[in-house]
Every structure is written in structure tokens, then in C-alpha cells.
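Reading through the C-alpha cells given below for one structure.
The values are calculated or read from the model by the stated rules, or taken from the named source; none is laboratory data. Computed from a predicted model, the values in this text were never measured in an experiment. Cβ placement follows ideal geometry from the backbone for every residue including glycine, while neighbour counts extend to all protein chains displayed. In case anyone asks, the SASA skips ligands and DNA or RNA and just uses the protein heavy atoms, side chains included. Shrake-Rupley method; radii C 1.70, N 1.55, O 1.52, S 1.80 Å.
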Amino acid sequence: MNRRLIALPLAAALLLGATPALAGCSFQSVVKDVSGGNLDVGGTAVPSDFPKEVPLASGDVVFAAGLGSGGDKVWNVTVKVPDGEAYTSIEKQLTDAGFEGQFGARGPNGGGTGTFSNGTYGVLVVVTDAGDNGWVANYSVSKGKAPSPTPTAGS
């Protein structure tokens, strides 16, 4: 089975807020079976093989996971941030670390979405209000270029 076909939808599901579902043991078992065992649900610890080149916002890790291996490896890390303006410091951290990109889409109440790449890693960052959990920054990291955000209607 082609692991990319599994990794991309799972990364998308993680990005869209399905991460709480991973806490259920049965779901973890299914994902481990489908992924061939290449799943690291770090919980509140960043996976040990998360790329050191990718700086993360300082704050409590709410969720972390890695899926796949080698060139097909993807990571997803969600960090609590102080507010919706955290994207400005996140953008600076990434560009200071040698990444190119920016936050192009910004929410009306703060937050936003940005894509970055350093030629080795692509990073999609979403800063959003997570309700009772406060503001979070979700990082989806893969080898290669960052995925382009899906255009919205009227773009």
C-alpha cells in the first residue's frame, strides 16, 4: 500500500482538528495497522525525530504525532500560544531559521495560516482560537515544499 496515500489524508485530518480522536486506543490501533506501525503519537511531547531545523513557538505542547518513515515522514505538533497575534513571532522564528514564506491568510479576530519551506522541509502553520483551550499554533511538517493552502471561493 502506498504510504503517501495514507500520510496525506491523516495529516489533513490532524490539521483539521481530528487530533482528539487519536486519544482513543482503538483509533490508534487502526492507524498503526494501516500505517504499518510507523506512527508515533507523542501526546504532549514533541516526537524525538521532529526536525531540529523547524523552530516551534514556546508554550505547552497540546498534541504531537509523527507518521511514516524516511522521505514519507510527516509530523504534526500543536502548541498553546498567548493569542491570535502569535503568527508574527512564529513567522519571524521560521524566517530567522532560514525558511521562506509568510502568513498569507489572516483571520478577522486574529490567527492565520502560513506556508514556509527551507528546501528540505515544508511547514504549514495554522494559528487559531481553539475555544476553551485558548489559542494554538498547529504545525504540519513534511519533507519537501510546504503544501499550498487551498484557494477559497472567489480567489
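In this structure the amide hydrogen of Val81, modeled in the peptide plane, comes within under 5 Å of the amide hydrogens of Trp135, Val136, Ala137, none closer than 5 places in sequence on its chain. Treating each Cα of segment 45-112 as one equal point scatterer and applying the Debye formula with no solvent, the log10 of I(q)/I(0) at q = 0.15, 0.17, 0.22 Å⁻¹ comes out as -0.56, -0.72, -1.10. Accessible area of Glu53 (1.4 Å probe, protein heavy atoms only, ligands and nucleic acids ignored): about 90 Å².
Going from most exposed to least, what order do Trp135, Trp75 have by accessible area with a 1.4 Å probe?
Largest accessible area first, the residues go Trp135, Trp75.
Tally Lys/Arg at +1 and Asp/Glu at -1 over every other residue whose Cβ is under 15 Å from the Cβ of Thr113; what's the total?
-2
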